[in-house]
1. If you take the beta carbon distance between residue 166 and residue 198 as r and set R0 to 22 Å, what does 1/(1 + (r/R0)^6) give as a FRET efficiency, to the nearest 0.05?
2. Measuring from label point to label point, each 7 Å out along Cα→Cβ, what is the residue 222 to residue 20 span in nm?
3. 7 Å from Cα along Cα→Cβ at both residue 144 and residue 158: what's the point-to-point distance in nm?
4. Just grab the label-to-label distance for residue 77 and residue 211, each label 7 Å out from Cα along the Cβ direction, in nm (one decimal).
5. Fully extended, how many nm does the chain gain between residue 34 and residue 88 (0.36 nm per residue separation, minus their Cα-Cα distance)?
């Protein structure tokens with residue numbers, strides 16, 4: 001991809017929006033994980049004003065970040081398609097986030113539990129799509145070492161997220177259909193009692209790696225904003 005010797009005013013404006021978007025995503029990823037977990041505790045759920053609204057707000061921060069990034073190179077179709085897929089899943093998560101509160105408020109309602117499970121898998125899909133966004137973005141930036149690092153970590157994230165999705169789907173199918181053998185029932189009960197912990201732990205590594213890549217790209221873009229020599233690499 002060819003760049004001018006110095007960034008144009010339009011490019012500088014898009015890079016500024018890119019910086020805001022990357023910052024929102026860098027902070028939004030861990031906050032979404034933390035607030036989603038906290039909203040499942042009964043103590044947290046007692047405050048309606050926070051537990052009902054805050055999960056949607058923090059998922060909305062991720063949507064905002066991706067929207068800001070869409071101003072960069074909008075003519076690149078593959079890049080734009082990756083962004084649109086990530087923004088769609090982020091928007092779905094905004095709508096599903098209030099069910100985190102409803103599930104704690106009314107645990108006897110199976111529809112609320114199903115909505116929370118759907119939110120979890122939609123979040124996995126969001127992470128997968130955001131992984132693709134970072135990969136596409138790295139290809140448009142003039143830094144070969146960044147491309148190699150993003151490719152390596154993106155592949156690892158893809159494997160981890162696919163494995164989590166497959167194991168989670170298998171667990172839900174066995175649990176909801178009740179087709180598990182008798183000797184596995186106690187093990188499934190243990191998994192259900194610790195579902196929140198077991199759902200979050202596998203996501204720590206992918207989220208940490210995506211935060212690392214987001215920060216590196218943010219620093220690179222910052223270099224591009226303040227150094228015209230950046231575009232001559």
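1. The pair residue 166/residue 198 has a calculated efficiency of 0.95.
2. Rounded to a tenth, the inter-label distance reads 1.8 nm.
3. Label-label distance for residue 144 and residue 158, simple model: 2.2 nm.
4. Going from the residue 77 label point to the residue 211 one covers 3.8 nm.
5. Full extension from residue 34 to residue 88 adds 17.2 nm.
No value in this document is a laboratory result; all are computed from the given coordinates. Remember, it's a predicted structure, so these values are computed and weren't measured experimentally. Because the Cβ atoms are built from the backbone with ideal geometry, glycine has one as well, and the counts that use them run over all protein chains shown.
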